[in-house]
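The values are calculated or read from the model by the stated rules, or taken from the named source; none is laboratory data. Source: prediction; values computed, not measured. Every residue, glycine as well, gets a Cβ built from its backbone with ideal geometry; the counts of neighbours run over all protein chains shown. Side chains are part of the model used for accessible areas, which takes the heavy atoms of the whole protein and leaves out ligands, DNA and RNA. Shrake-Rupley method; radii C 1.70, N 1.55, O 1.52, S 1.80 Å.
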Amino acid sequence: MENLHNPGEFSLGYLKLGKPYEIPLLLYDETSKFVKFSFDKTDEGNLDEIIGSFIDKLINPEPFKLKILDDERLPLQQILLGHSTEVEDNFNFYLAKHPGNKTQVTPEKLKPFAMALTRTKTDLPQHEQYIPKMSIKMIWKEDHLRVFGKYAFNCLSFLKGKNFVLNERFDGVRGWIANGGHNIYAKMNNEYGEILAKLPVTFPELSHVIHFTKIDRHLVALVSLYETSSVFIDLADNFDSPFEADTWICDWKNRKEYRLMEYLNTLYPGV
């Protein structure tokens with residue numbers, strides 16, 4: 001993540017309910033020995049408590065599961081070291097550095113960082129001063145994509161009826177959703193990912209949107225939750241039947257659901 005007010009200053013984070021969330025981390029400059037701690041503005045607790053918890057993780061890091069993130073935008077002499085158990089199951093520590101930086105981090109090497117934070121924590125900035133901007137690549141597990149596929153398939157059944165989705169042309173995607181296996185059905189950030197953004201409508205804030213359409217001879221769905229990047233689902237190939245594009249909108253904040261035309265009628269009544 002890149003600092004919105006200071007381009008060139010970076011942090012680590014992920015999308016939480018559709019919004020960038022910064023994980024607790026320290027920045028260490030190997031040349032000046034400068035240490036800075038930052039965390040998300042929404043974290044509860046006072047500064048000393050949050051820093052103290054992070055220091056405890058550095059002193060007692062086990063289980064230590066480190067992921068290294070190389071990024072050429074980072075200064076060669078700086079590293080970012082973050083901790084979170086909410087990002088990926090297989091990692092809890094994250095080290096971001098320039099590819100040319102050969103720094104290696106082990107559990108034993110975490111303790112000097114803890115000592116540096118202990119010495120300097122009274123001069124650390126308040127969390128309100130940092131506003132992140134997303135600029136990272138999102139990583140999705142295969143099971144996450146199958147969940148999006150299930151959302152799309154269930155919604156298609158709701159809109160078009162049970163008999164429609166029981167057709168054998170959906171056997172492939174149905175089996176993949178239920179049982180897993182080789183994924184040829186779902187992907188993120190594909191060439192069709194901007195279709196939702198190009199629809200001539202502003203959707204409700206943080207809404208869920210599922211859009212169905214035909215591309216060539218494929219019946220496809222685009223699934224977006226909380227206004228984040230859409231997931232493309234190839235529901236059926238060789239789909240030669242007529243199909244009129246359909247969009248389902250869940251305005252969960254206001255407990256309302258719409259088809260696209262129903263939603264447009266709420267925006268432009270009487271038109």
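Observations
- R0 of 30 Å, Cβ-Cβ distance Phe164-Leu15: FRET efficiency to nearest 0.05: 0.35
- Overall form of the range 36-81 per C-alpha gyration tensor (a/c, 1.5; a/b vs b/c): oblate
- Considering only the Cα atoms of the range 10-113, their convex hull presents on average a projected area of 6.8 nm².
- The accessible area of Glu62, taken with all protein chains in place and a 1.4 Å probe, comes to roughly 130 Å².
- Here Arg259 and Val147 are evaluated by their C-beta separation; at R0 = 22 Å the FRET efficiency comes out at 0.45.
- Accessible area of the range 59-111 belonging to carbon and sulfur atoms, whole % at 1.4 Å probe: 50
- Length added when fully stretched, Asn154-Leu267, from 0.36 nm per residue minus Cα-Cα: 38.0 nm
- About its Cα centre, the dipole of the range 213-263 is roughly 260 debye, where the only charges are +1 on Lys and Arg Cβ and -1 on Asp and Glu Cβ.
- Per-residue 3J(HN,Hα) values for the range 250-261, derived from phi via the Karplus relation 6.51 cos²θ - 1.76 cosθ + 1.60 with θ = phi - 60°, read 10, 8, 5, 5, 10, 6, 10, 10, 9, 7, 4, 5 Hz in sequence order (x marks Gly and Pro).
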